[in-house]
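Comments concern the structure below.
The values are calculated or read from the model by the stated rules, or taken from the named source; none is laboratory data. Keep in mind that what you see is a predicted model, and the values were worked out from it rather than measured. Here Cβ is always computed from backbone atoms with ideal geometry, including for glycine, and neighbour counts include all displayed protein chains.
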Number of protein chains: 2
Amino acid sequence: MRILLAGATGKLGAFLHTALADRGHEIVTVARSGGALRYDITDPAQVAAMYQAAGELDAVVSAAGHVPYRTIAEMTPDDYLAAFHGKVAGQIELVRQGISRVAERGSFTLITGVLAREPIPTGTAASMANGAIEAFVRAAAIEIAPQRVNAISPTVFTESLDAYADFFPGMESVDLARVAQAYIRSVEGAQTGQIYAL
Amino acid sequence: MRILLAGATGKLGAFLHTALADRGHEIVTVARSGGALRYDITDPAQVAAMYQAAGELDAVVSAAGHVPYRTIAEMTPDDYLAAFHGKVAGQIELVRQGISRVAERGSFTLITGVLAREPIPTGTAASMANGAIEAFVRAAAIEIAPQRVNAISPTVFTESLDAYADFFPGMESVDLARVAQAYIRSVEGAQTGQIYAL
């Protein structure tokens, strides 16, 4: 398949690039800087230009999203808006604009995360954004069929524990290899409206 | 208790006003127009002014939220942003600014809805907003204790079936009286971080 990979330069994105290429797929990488295509998906106009440049696609895979971490007392209205723009709106645009760009039985696979279901202190904006994406995926799935849309909802990556272990005391981590398996399941499988939690 | 009721002039808000007053509570109504206090909670500055005007509070109850309904193909980026501002950001501000305004063991009760878990066509923005609120509630709860925060997540109101039945084929409705019970449970009970789905 010809797969667009958004957020290609992050830790997950780079791993997915290799894992999907190893399955024989052709990967078109997108990132603000460093991808084959350089676009900021938080800007709807840039998503349009990105799809124009990407050509025919069988699947869209996202590992893109940034949210601020701060206690609720320290958060501002702009922080929650930044989380909406940084993780929710851009991924929604990948789907909304992608409907007319992706193959008839093509798929979208978005990224969310464990904070949608298991909170941590300083994580209210992240939880909000992840919950938004998961509910959007369930709703979009019933409208876009036979195209499909799923989300991957991983806990902290084992490979990121050196930086983030203190934020997830006692919570199990997940290896990037297992996360990549869930993306492969979403892209090559036939389910839709699913949240693959791992 | 002295309870601030946001969204007091809607069908649910008006019902809650009576139901909470019948429990012996003092209700301070807020709405864009028609409440005892007239503020637009989607504007953070007006939330600040609202709390200033409201005085001491034991609980905040919200029945406020508007989102656009449209097929995903007809949605625009502005529609999703409108859903964020119309149902998510304002309710988050009620909590964020309310932490320093509400009693030490006071509570917040927000409104979400069945579309967070059960989608309908034209509902992607509504689902997104509801999912955002539910995950926010779980996350905020662990930060604001001993203050509490819960959400009420009702399906279509029996009293609204004349207008909305066609959007919820075969789905059970819920009487406003049952929804009001869930608000009372949240306000007078001791749980936090709960989504009361009904």
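Within the stretch A:56-78, which residues are in contact with a strand residue (DSSP E or B) (Cβ under 9 Å, 6 or more places away or on another chain) and either without any contact (Cβ under 8 Å) to a residue 24 or more places away in the chain or hydrophobic (A, V, I, L, M, F, W, C) (or both)? I'd like the intermediate steps shown before the answer.
The initial filter retains those residues of the stretch A:56-78 that are in contact with a strand residue (DSSP E or B) (Cβ under 9 Å, 6 or more places away or on another chain), namely A:56-65.
A:Leu57, A:Ala59, A:Val60, A:Val61, A:Ala63, A:Ala64, listed by residue number.
Collect the residues in the stretch A:12-33 that are within 25 Å of A:Arg178 (Cα to Cα) and modelled with pLDDT under 95, keeping them in residue-number order. Break it down stepwise before answering.
Pass one, the stretch A:12-33, residues within 25 Å of A:Arg178 (Cα to Cα): A:12-31.
Within the stretch A:12-33, just A:Ala31 meets the criteria.
Within the stretch A:169-198, no residue satisfies the criterion of being farther than 13 Å from A:Thr109 by Cβ, in a helix (DSSP H, G or I) and either among the β-branched types (Val, Ile, Thr) or within 14 Å of another protein chain (Cβ to nearest Cβ) (or both). Between residues in the stretch B:115-129 that are more than 8 Å from A:Arg138 (Cβ to Cβ) and of a type in the set (Asp, Glu) and residues that are modelled with pLDDT of 95 or more and in a helix (DSSP H, G or I), which pairs lie under 7 Å by C-beta distance while being six or more apart or on different chains? Within 7 Å, no pair qualifies. When the stretch A:132-145 is filtered for residues that are at the interface with chain B (Cβ under 7 Å from one of its Cβ atoms) and either outside any helix (DSSP H, G or I) or within 13 Å of the chain's Cα centre (by Cα) (or both), the ones remaining, listed by number, are A:Ala132, A:Glu134, A:Phe136.
Checking every residue in the stretch A:78-95 against the condition of being over 13 Å from the mean Cα position of the chain (by Cα), more than 7 Å from every other protein chain (Cβ to nearest Cβ) and polar (S, T, N, Q) gives zero matches. Please verify whether the stretch A:97-108 includes one or more residues that are in contact with a strand residue (DSSP E or B) (Cβ under 7 Å, 6 or more places away or on another chain) and under 30 Å from A:Gly170 (Cβ atoms). Checking the stretch A:97-108: not a single residue is in contact with a strand residue (DSSP E or B) (Cβ under 7 Å, 6 or more places away or on another chain) and under 30 Å from A:Gly170 (Cβ atoms). Consider B:Val95 carefully, then state whether it is part of a helix (DSSP H, G or I) and within 17 Å of A:Asn130 (Cα to Cα). No; evaluated as a whole, the condition is false for this residue. Do the conditions hold for B:Ile41, that is, is it touching a Gly at 6+ places or on another chain (Cβ under 8 Å), of a type in the set (Val, Ile, Thr) and assigned to a loop (DSSP other than H, G, I, E, B)? Considered against the rule, which asks whether it is touching a Gly at 6+ places or on another chain (Cβ under 8 Å), of a type in the set (Val, Ile, Thr) and assigned to a loop (DSSP other than H, G, I, E, B), B:Ile41 comes out as yes.
It is to be established whether one or more residues within the stretch B:147-161 are part of a helix (DSSP H, G or I), among the hydroxyl-bearing types (Ser, Thr, Tyr), touching a residue at least 40 places away in the same chain (Cβ under 8 Å) and within 13 Å of chain A (Cβ to nearest Cβ). Show your work before the answer.
First pass over the stretch B:147-161, keeping only residues part of a helix (DSSP H, G or I): B:158-161.
Adding the requirement that they be among the hydroxyl-bearing types (Ser, Thr, Tyr) leaves B:158, B:160.
Remaining after also requiring touching a residue at least 40 places away in the same chain (Cβ under 8 Å): B:160.
Then drop every residue that is not within 13 Å of chain A (Cβ to nearest Cβ), which leaves none.
No, the stretch B:147-161 has no match at all.
When each of A:Thr29, A:Thr9, A:Thr42, A:Thr71 is tested for being of a type outside the set (Gly, Ala, Ser) and surrounded by fewer than 15 Cβ atoms within 10 Å (Cβ to Cβ), the lone residue that passes is A:Thr71.
B:Asp166 fulfils the conditions (1) in a helix (DSSP H, G or I); (2) in contact with a Ser or Thr (Cβ under 9 Å, 6 or more places away or on another chain); (3) among the acidic types (Asp, Glu) except for a single criterion, (2).
Based on what the data block shows, is A:Gly106 more than 12 Å from chain B (Cβ to nearest Cβ), at pLDDT 95 or above and more than 30 Å from B:Ile142 (Cα to Cα)? Answer is yes for this residue. Among the criteria (1) in contact (Cβ under 8 Å) with a residue 12 or more places away in the chain; (2) part of a helix (DSSP H, G or I), the one B:Leu81 does not fulfil is (1). Taking the condition at pLDDT below 95 and surrounded by fewer than 17 Cβ atoms within 10 Å (Cβ to Cβ), does A:Ala36 pass? Here the answer is yes, as A:Ala36 does meet what is asked. Restricting attention to the stretch B:114-142 and to residues that are hydrophobic (A, V, I, L, M, F, W, C) and over 19 Å from A:Pro119 (Cα atoms), the residue that is surrounded by the fewest Cβ atoms within 10 Å (Cβ to Cβ) turns out to be B:Ile120. Only residues that are part of a helix (DSSP H, G or I) and facing chain A (nearest Cβ under 8 Å) were counted across the stretch B:112-131, and they come to 9. All but one of (1) under 17 Å from B:Ile144 (Cβ atoms); (2) assigned to a strand (DSSP E or B) hold for B:Ser100; state the number of the condition that does not hold. Against the list (1) under 17 Å from B:Ile144 (Cβ atoms); (2) assigned to a strand (DSSP E or B), B:Ser100 comes up short only on (2).
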